[in-house]
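The values are calculated or read from the model by the stated rules, or taken from the named source; none is laboratory data. What you see is a predicted model; the values in this text were computed from it and never measured. Note that each Cβ is placed from the backbone with ideal geometry, even for glycine, and that neighbours are counted across all protein chains shown. Note: areas computed on protein heavy atoms with side chains; ligands, DNA, RNA excluded. Shrake-Rupley method; radii C 1.70, N 1.55, O 1.52, S 1.80 Å.
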Amino acid sequence: MARSRSSRRSLLAGSIMFAPYLILLLLFGIWPIIQATITSIGPSIVNPAGGLQNFADVVADVRFLPALMNVVVFLLLYVPIMIIVVSVMSLLLDTVQGRWNLPLRLTYIVPASMTGATAVLIWYFMLEPSLSPYQSALHALGITQGNQIWRQGGLAWIFVAMAFFVGAGNWIVVQYGSLQSISEDVLEAARIDGANAWQIGWRIKLPLIRKYLVYMGILVFAAGLQVFVEPQLISGSVYTGIAKDWSLNQLSYDLAFQSNNLAGSAALSLMLLVVCIIAAIVVIFRTDFFEGTGVGKK
Amino acid sequence: MKRLAVALVAVVAVGVALTGCSSGAPSSSGKPSILIWADTPRIPQATEYQKEMKGKVDVKIETIAQADAQTKISLANRAKKGWPDIIFGAPADTAQFKDPSNGYAADLTKLVSKKIFDGFGEGNSDCLYDGKYYCLKNDLANTVLWYNTKIFAQLGLTVPTTMQEFADTAMKLKGTGFSAGAYGDQLYYAAFLQSSECPLADLTAANTVRIAPGDSKCTRVAKTIQPLLDAGVIDKRSPFDAGFIKDVAAQDKVAMTIGPSWWGDFVIRPQASWNVPAGEIAAANMPAWGTGKDNKSGAYGGGVFTVSSHSKFPQAAADAAVWMTTSNWMATAATTPTFPAYGPANKLWEARISKDAYYANNVYTAMAAGANNISQVDRPVRFPFNAQFGATLSADINNGKSLSVALDDYAKSIQGLAPQSGYKVVTK
């Protein structure tokens, strides 16, 4: 009896604690998805009959394939760079204990305080050969004109750089935090067994924080798939339109507000959502994401 | 994170808009109340109207970015409330707003007197759809020939009056270090393709658009201009390109350029831009492609006021749009930067610009000559006609592709986009 009462009480406590999240999830997650689903099969300017044809219309749109390719290239660059650099930097940060650790952590976070819009301006300034403080470096690389930088072939790299510097610092500090959760006993044992710093990093620390890296990978992938601010703002500045409909999210935005096609826009957004969910499910179930706490596992 | 950032920007923007709103007159029952959405340069006009109407009409003003006009009206359409009574935007916005799928734009034919429409003359033709007016044009941005009298005198050049003469004159600049302008953006369209009447948004029926880059009016452009690009006497960069400004324009090396009427005050003159010294710059009539009526101008910019079909006070709203585009105050205010589309107003505006000592001649003459002569072959359309320049046409030109390839790429892209906005496309 006592046991079932305590389990009922913990169920109640759990429900109370979960409720705020559930309410937000319903209001700002589930309900918009339902709305989008209804909108996506409604009538559109190109397809007055509505229905699933809207999805086919979006895929057949001349802007769809180029935007998809851009986003794929962006993700192929962005996700691995984020994971590798963040892992390496947080491992290095973890080895620097003592008085330099705190200033270093601060330094990593500073670039992240620039939001997308500011970052775009700063990068424009840095990369424009006639304005850049690194003019001589750019000239040494043979870049003397803005249009050698701001051309369609290389935009993915620029957007990756922008997104990387906005996002990486935070993640380095977060992963440093997860490295802190590794028990000193484990590291001590490794050291006694003769592991050097490289082996400890590669064979002990990284496997132990793997699930946090997986978690980061999912979020970074989702953010990358929805890349919007960087190309949208660049397109609105000096090189007007250069990255117009560059990403799928921009296409979704333009479908809604320029092509007067909310149904198509909703259809595209749902497609992005499905890709995100599938990617998350695959990654979660291919790893031990939900098993134990990893570090303390016996 | 990005969505969050966008949401935050939106919240701030709404906050700014609300602050603007709260400065408006308090609304009271009985008298009409209207809401104006306009971009920053139009705010002094709107504020003056608010003052003049005090006690008669409650005028509220909200600042929006011109580029957001369609987005914001789409959102209001979705919410089925919150429309402004009049909005400032591009002519292409009105093309969208008057479509039944949007339905925002009111037919002004009956709300605005014939005298006003007559005063506009050709100036309001962007707003004309099937014999009805759906907006009022604020300003005209027709292209003229801007030239530097000092450089022309130094090289012994005469002012070209035809495109062939323009090309010949430009060729004489070869090796002198002077330039005949940079055209690697929308200007290539406005200066050459549109003035040549190349059919790229030619509405042959209400929802049929002719996009025909193979037309002789298009091919003659590349034939005339490509040699200038190859010879380096015109620049493949954008006239706003930081490199072009630094290396050429700000060195006072632009001997001549085709550009819209607002360029004198906003591109050529400002210190932070081309910074050409006073007393050098003059304007001449737009060079003609051919004889007779083959002498059209292009246009780069030029906004319109559209009135809401949802307005509770349609007459008060239409009157506001009329005042914003035709008033003497607007025409004479130092804050009114651009060439008014309304004939009587631009006559008043003339008084200011024609006396401006910065210019070497009376630039108004050339502006006025082209104002009622803007090509009407391409019409405002619902697909992103202008925005697509940057994605294809100017990107190609900047990257050194040939002008005919650049035009073909552009035409192909809008041929693909037009059906998405409900147009049938004709390519021949």
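Please identify which residues in the stretch B:362-388 have an amide N closer than 20 Å to a label point set 7 Å out from the Cα of B:Ser354, following the Cα→Cβ vector.
B:362-373
For the full complex of protein chains and a 1.4 angstrom probe, list B:Lys60, B:Lys150, A:Lys205 by accessible area with the highest value first.
Result, largest first: B:Lys150, B:Lys60, A:Lys205.
Give, in nm to one decimal, the length gained when the segment between A:Glu184 and A:Ala279 is fully stretched (0.36 nm per residue of separation minus the Cα-Cα distance).
Once the chain is fully extended between A:Glu184 and A:Ala279, it gains 30.8 nm.
Please report how far the C-alpha centroid of the stretch B:400-421 lies from that of the stretch A:88-165, rounded to the nearest whole angstrom.
That distance is 34 Å.
Under the rule of -39500 (n - 2.57) per DSSP H run of 4 or more residues, summed and divided by the residues of chain B, what mean residue ellipticity at 222 nm is obtained, to the nearest 500 deg cm²/dmol?
-10500 deg cm²/dmol
Per-residue ellipticity at 222 nm for chain A, helices alone: DSSP H runs ≥ 4 residues times -39500 (n - 2.57), over residue total, nearest 500 deg cm²/dmol?
-21500 deg cm²/dmol
At a probe radius of 1.4 Å, figure out the A/B buried accessible area, summed over both chains, and give it in Å² to the nearest 100.
What A and B bury together is about 3000 Å².
What's the extension gain from A:Val110 to A:Val96 if we count 0.36 nm per residue and subtract their Cα-Cα distance?
3.2 nm
Give the accessible area for A:Leu273 in Å² (nearest 10); use a 1.4 Å probe, count only protein heavy atoms, and leave out ligands, DNA and RNA.
The accessible area of A:Leu273 comes to roughly 60 Å².
Hey, can you grab everything whose amide H is under 5 Å from the amide H of B:Asp294? Only 5+ residues off in sequence or another chain; H modelled, so Pro and N-termini drop out.
none
Skip the ligands, DNA and RNA, and give the accessible area per residue of the stretch A:64-244 with a 1.4 Å probe, whole Å².
49 Å²
Label-point separation (nm) for B:Asn207 and B:Thr161, each offset 7 Å from Cα along Cα-to-Cβ?
It works out to 4.7 nm between the two label points.
Report ³J(HN,Hα) in whole Hz for each residue of the stretch A:41-52, in order, from the Karplus equation J = 6.51 cos²θ - 1.76 cosθ + 1.60 where θ = phi - 60°; Gly and Pro get x.
Per-residue couplings from phi come out as 9, x, x, 10, 5, 8, 9, x, 6, x, x, 5 Hz.
Count the net charge of all other residues whose Cβ sits under 10 Å from the Cβ of B:Ala316, scoring Lys and Arg as +1 and Asp and Glu as -1.
Counting the neighbours of B:Ala316, the net charge comes to 0.
What's the center-to-center distance, using Cα atoms, between the stretch B:166-185 and the stretch B:304-372 in Å?
Value for the Cα centre distance between the two parts: 33 Å.
How many lysine pairs in chain A, separated by 8 or more positions in sequence or lying on different chains, have Cα atoms less than 28 Å apart?
For chain A, qualifying lysine pairs total 4.
Please enumerate, by chain and number, the aspartates and glutamates with C-alpha under 19 Å from the C-alpha of B:Lys51, excluding those fewer than 8 residues away in the same chain.
B:Asp39, B:Glu62, B:Asp85, B:Asp319
Under a cut-off of 23 Å between alpha-carbon atoms, report the lysines in cross-link reach of B:Lys223, not counting same-chain residues fewer than 8 places apart.
B:Lys172, B:Lys174, B:Lys236, B:Lys293, B:Lys296, B:Lys401, B:Lys412, B:Lys428
So, R0 is 45 Å and r is the distance between the beta-carbons of A:Phe165 and B:Lys293; what FRET efficiency does that work out to, to 0.05?
E between A:Phe165 and B:Lys293, to the nearest 0.05, is 0.20.
Show B:Thr176, A:Thr240 ordered by accessible area, largest first, where the area counts protein heavy atoms only and the probe is 1.4 Å.
These residues rank, largest area first, as A:Thr240, B:Thr176.
Accessible area of B:Arg78, 1.4 Å probe, to the nearest 10 Å²?
Probe radius 1.4 Å; accessible area of B:Arg78 about 130 Å².
How much length, in nm to one decimal, is gained on full extension between B:Ala278 and B:Asn361, taken as 0.36 nm per residue of separation minus their Cα-Cα distance?
28.7 nm
Of the beta bridges DSSP finds with both residues in the protein assembly as shown, what % are antiparallel, to the nearest 5?
Restricted to the protein assembly as shown, the bridges split so that about 60 percent are antiparallel.
Do any residues of the stretch B:366-408 lose at least 30 Å² of accessible area when the full set of protein chains is present rather than just their chain alone, and if so which, with a 1.4 Å probe?
B:Pro384, B:Ala387, B:Gly390, B:Ala391, B:Asn398, B:Asn399
Which lysines, if any, have their Cα less than 21 Å from the Cα of B:Lys98, not counting same-chain residues under 8 positions apart?
B:Lys72, B:Lys80, B:Lys81, B:Lys110, B:Lys114, B:Lys132, B:Lys137, B:Lys312, B:Lys424
Given springs between every Cα pair under 10 Å in a Gaussian network model of chain A, which of A:Ile30, A:Ile277, A:Ile204 has the largest fluctuation?
Its mean-square fluctuation being the largest, the pick is A:Ile30.
Under unit Cβ charges (Lys, Arg +1; Asp, Glu -1), what dipole magnitude, rounded to 20 debye, does the protein assembly as shown have relative to its Cα centre?
Here the protein assembly as shown has a charge dipole of around 1680 debye.
Using alpha-carbon positions, what is the distance between the centroids of the stretch B:243-282 and the stretch A:173-211, in Å?
Centre-to-centre (Cα) distance: 63 Å.
Any chance you could look up the accessible area of B:Glu122 with a 1.4 Å probe, heavy atoms only, rounded to 10 Å²?
B:Glu122 has an accessible surface of roughly 100 Å² with all protein chains in place.
Please report the carbon-and-sulfur percent of the accessible area for the protein assembly as shown; probe 1.4 Å, protein heavy atoms only, DNA, RNA and ligands left out.
Answer for the protein assembly as shown is 64 percent, counting heavy atoms of protein chains only.
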